[in-house]
Every structure is written in structure tokens, then in C-alpha cells.
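Trainee: Can you keep this structure in mind? I'll have questions shortly.
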Amino acid sequence: MAATQRAPFIVIEGLDRSGKTTQTSNLLVRLQKDGKDVQLIKFPDRTTPIGQMIDSYLRSASELDDRAIHLLFSANRWELASTIEKLLNSGTTVICDRYAFSGIAFSASKVDASGHRLLSYEWCKSPDIGLPKPDIVLFLDITPEKARERGGYGEERYEKEEMQRRVRTNFEGIRKEMMELESKSQDHTLVWEVIDAGRSLEEVEQDIWSHIEPLYRSQCPSLGRLW
Ligand code: T5A
Ligand code: NA
């Protein structure tokens, strides 16, 4: 009997209101229709005890030290890291709605009253070192202006336009660093695609699909780790 092939690890990242949850759900349905075993995981996973603390913080129902909340976001991923690895190695595709890249991009965007960065990029990155490495990151890019026009913007803690601008810049920095590291990496290569998420739902969905379908045409190499 042939050994089970590792399934693709897909991450959808992006700014708030870029359509991640809409698109990850659509992708899940599309892959299922295609006969694939697939599981969707959303970060933060607000259902675990750690996730409930994160949820309370995001809704401003509680206050936490900036470092403490950063570590909780990371711990929330580590809670599921071995599950993700098992799923992938048993042939189930994993789609993540946000991952470690959000963790860095948002925390490193926090500033004090005079606009100085509170947490360094390197510090923000360190707790996520060693997490399973995705095969592909689809970054849903949208201008803060366009995001604002979509329902619900402004309800949660980080949904402020200035913050979102810094987050967008940080994601671009992460992409550049990732691409440089990947060119030297011994592991499987992470592909990072920037998707214009300001278009119609259907156009964005089609663009995403055009990057996902080819993942199933070749064999996935053994799973790498982040950074
Ligand atoms: N965070 C997260 C950290 O600080 N550190 C971390 O480590 C992690 C993982 C919550 C916050 O936590 C931060 C980042 C966030 O600030 P979340 O739970 O993912 O993260 O946030 P949500 O509020 O659930 O999701 P978003 O606000 O980011 O929205 P989505 O999922 O990007 O967008 P979606 O699909 O819900 O769509 C938003 C609206 O736009 C419409 C939808 O119908 C919906 O009304 N829409 C479109 N309209 C027009 N055209 C399109 N193409 C559209 N696509 C969607
Ligand atoms: Na979402």
C-alpha cells in the first residue's frame, strides 16, 4: 500500500475586512466538492480557554499587557500545532484563516502616545519560531479606505485606520523577509501571493483558486518549520 501523501497547508492572511473568513469558507466548500479531505482552522481560535482571553481583549472587555496578549496569540497557535501537523501528514488539507504572520504584523504595529513602536519585530517573531510552515500564503490586500466601506469596521480593538496602515506596511516587510529566507531555505518553499481583495467576491475567489489548484498536481515535500 502506498504511504499517505502529505496534504497542502494553506494560509489566508490579510488586513481586517479584506474578506478572509468569506474566502476561506468558499475555498473549503470548493475543495470538499473536489473530493478533498480538508479542515478549516481560524486564528485566533476563540473557543479555547486561551482564545476566550484573546476574545475578551479584542472586544476591549479586558486589558492585558502588550507582551502578554502577544504571547497568548502565539500560544493559541501552539495549542493547535500538533493537530495541524497530524492532519497534514494524514492527507487532510489544512486552511488557516490568519496565522503567525498576523501575530507579528499586528503586535509590531502597536505604538505609544508619541508614535514609537512598543514591541520590536524580532521580539514579536520569536514565539512563533518552529510552527509548521505553510506551503502557500495568500495575502488579501485591501486599502484601509476600501476596508472601511465593508460592514462592521471599527468594532474591535485594532480596527482603526492608522493601525491598519502600519499593519499593511508590516505585512509587506514580512513578505520581503520571507522571500529572501525562502531563496536560501533547505525546507520546502513557502509561496507568498498578494491578492487584490478590493475586487468582487467572485474575482477574488477565482484568483485564489488559480493558486490552489496547482498545489494538488505535485507531491508535497515533508513539512518544514517557520523561520
Ligand atoms: N490578531 C490576530 C492579532 O493581533 N494577532 C494574531 O496573532 C491574530 C491571529 C481579530 C483580530 O485579531 C488580530 C487581528 C484582528 O484585528 P479575526 O478574528 O480574524 O482577528 O478578525 P475578524 O473580525 O473575524 O475578521 P476580519 O475583520 O479580519 O474580516 P475578514 O475575515 O477579513 O472579512 P470577512 O470575510 O468577514 O468580510 C468582511 C465584510 O466584507 C464583506 C463581507 O460580506 C463582510 O460583510 N466582503 C466583501 N464585500 C465586497 N466585496 C468583497 N470582495 C467582499 N469580501 C468580503
Ligand atoms: Na475574519
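Trainee: Just checking, does the range 152-173 include any residue being of a type in the set (Phe, Trp, Tyr), over 22 Å from Arg17 (Cα atoms) and touching a helix residue (DSSP H, G or I) at 6+ places or on another chain (Cβ under 9 Å)? Reasoning before the result, please.
Mentor: Step one: list which residues in the range 152-173 are of a type in the set (Phe, Trp, Tyr), which gives 153, 158, 171.
Retained after the next criterion (residues that are over 22 Å from Arg17 (Cα atoms)): none.
No, that holds for no residue.
Trainee: When you scan the range 115-144, how many residues do you find that are open to solvent by 10 Å² or more (accessible area, probe 1.4 Å), at pLDDT below 95 and closer than 20 Å to Val204 by Cα?
Mentor: Residues that pass the stated criteria total 1.
Trainee: May I ask you to list the residues in the range 147-165 that are open to solvent by 10 Å² or more (accessible area, probe 1.4 Å) and either closer than 17 Å to Arg98 by Cβ or within 16 Å of ligand 2 (Cβ to nearest atom) (or both)? I'd like the intermediate steps shown before the answer.
Mentor: First, the residues of the range 147-165 that are open to solvent by 10 Å² or more (accessible area, probe 1.4 Å): 148-163, 165.
Passing the criteria: Arg148, Arg150, Gly151, Gly152, Tyr153, Gly154, Glu155, Glu156, Arg157, Tyr158, Glu159, Met163.
Trainee: What number of residues within the range 181-207 satisfy the criterion of being more than 16 Å from ligand 2 (Cβ to nearest atom) and either of a type outside the set (Asp, Glu) or at pLDDT below 95 (or both)? Talk me through it step by step, then tell me what you get.
Mentor: Initially, the range 181-207 is screened for residues more than 16 Å from ligand 2 (Cβ to nearest atom), giving 181-194, 196, 198-200, 202-203, 206-207.
Still in the list and also either of a type outside the set (Asp, Glu) or at pLDDT below 95 (or both): 181-192, 194, 198-200, 206.
Residues that pass the stated criteria total 17.
Trainee: Follow-up question, since we're still on this one. When you scan the range 14-25, do you find a residue that is of a type in the set (Val, Ile, Thr) and modelled with pLDDT under 95, even just one? Working first, answer last.
Mentor: Here is the first cut: in the range 14-25, the residues of a type in the set (Val, Ile, Thr) are 21-22, 24.
Narrowing the set further to residues that are modelled with pLDDT under 95 leaves none.
No; the residues of the range 14-25 include none that is of a type in the set (Val, Ile, Thr) and modelled with pLDDT under 95.
Trainee: Does the range 123-143 include one or more residues that are over 27 Å from Gln39 (Cβ atoms), of a type in the set (Ser, Thr, Tyr) and more than 14 Å from ligand 1 (Cβ to nearest atom)?
Mentor: no
Trainee: Going by the structure shown, is Thr92 more than 25 Å from Val194 (Cβ to Cβ), open to solvent by 50 Å² or more (accessible area, probe 1.4 Å), away from ligand 2 (no atom under 16 Å from the Cβ) and of a type in the set (Val, Ile, Thr)? Let's see the steps before the verdict.
Mentor: Working: more than 25 Å from Val194 (Cβ to Cβ): yes; open to solvent by 50 Å² or more (accessible area, probe 1.4 Å): no; away from ligand 2 (no atom under 16 Å from the Cβ): yes; of a type in the set (Val, Ile, Thr): yes.
Spelling it out, it is not the case that Thr92 is more than 25 Å from Val194 (Cβ to Cβ), open to solvent by 50 Å² or more (accessible area, probe 1.4 Å), away from ligand 2 (no atom under 16 Å from the Cβ) and of a type in the set (Val, Ile, Thr).
Trainee: Would the range 94-101 turn up any residue that is free of Cβ contacts under 8 Å to residues at least 60 places away in the same chain, away from ligand 1 (no atom under 12 Å from the Cβ) and either of a type in the set (Val, Ile, Thr) or farther than 29 Å from Glu205 by Cα (or both)? Talk me through it step by step, then tell me what you get.
Mentor: Step one: of the range 94-101, the residues free of Cβ contacts under 8 Å to residues at least 60 places away in the same chain are none.
No - not one qualifying residue is present in the range 94-101.
Trainee: State all residues of the range 165-200 that are assigned to a loop (DSSP other than H, G, I, E, B), aliphatic (A, V, I, L, M) and over 15 Å from Gly14 (Cα atoms); if no residue qualifies, say none.
Mentor: Scanning the range 165-200 gives a single hit, Leu190.
Trainee: Ok, one more. Could you grab me the full set of residues in the range 9-30 that are more than 14 Å from ligand 2 (Cβ to nearest atom) and surrounded by 22 or more Cβ atoms within 10 Å (Cβ to Cβ)?
Mentor: Residues of the range 9-30 more than 14 Å from ligand 2 (Cβ to nearest atom): 9-10, 29-30.
Passing the criteria: Phe9, Ile10.
Trainee: Sticking with this one: Given Arg17, Arg67, which one is within 17 Å of the chain's Cα centre (by Cα) and more than 30 Å from His188 (Cβ to Cβ)? Steps first, answer last, please.
Mentor: On the way: Arg67 fails: within 17 Å of the chain's Cα centre (by Cα).
Answer to the selection: Arg17.
Trainee: Scan the range 192-216 residue by residue and report those that are buried (at least 16 other Cβ atoms within 10 Å of the Cβ) and aliphatic (A, V, I, L, M).
Mentor: Ile195, Ala197, Val204, Ile208, Ile212, Leu215
The values are calculated or read from the model by the stated rules, or taken from the named source; none is laboratory data. These numbers come from a predicted model, not from an experiment. With ideal geometry, Cβ positions are generated from the backbone for all residues, glycine too; neighbour counts draw on all protein chains shown. When the accessible area is computed, the model is the full protein with side chains, heavy atoms only, and any ligands, DNA or RNA have been set aside. Shrake-Rupley method; radii C 1.70, N 1.55, O 1.52, S 1.80 Å.
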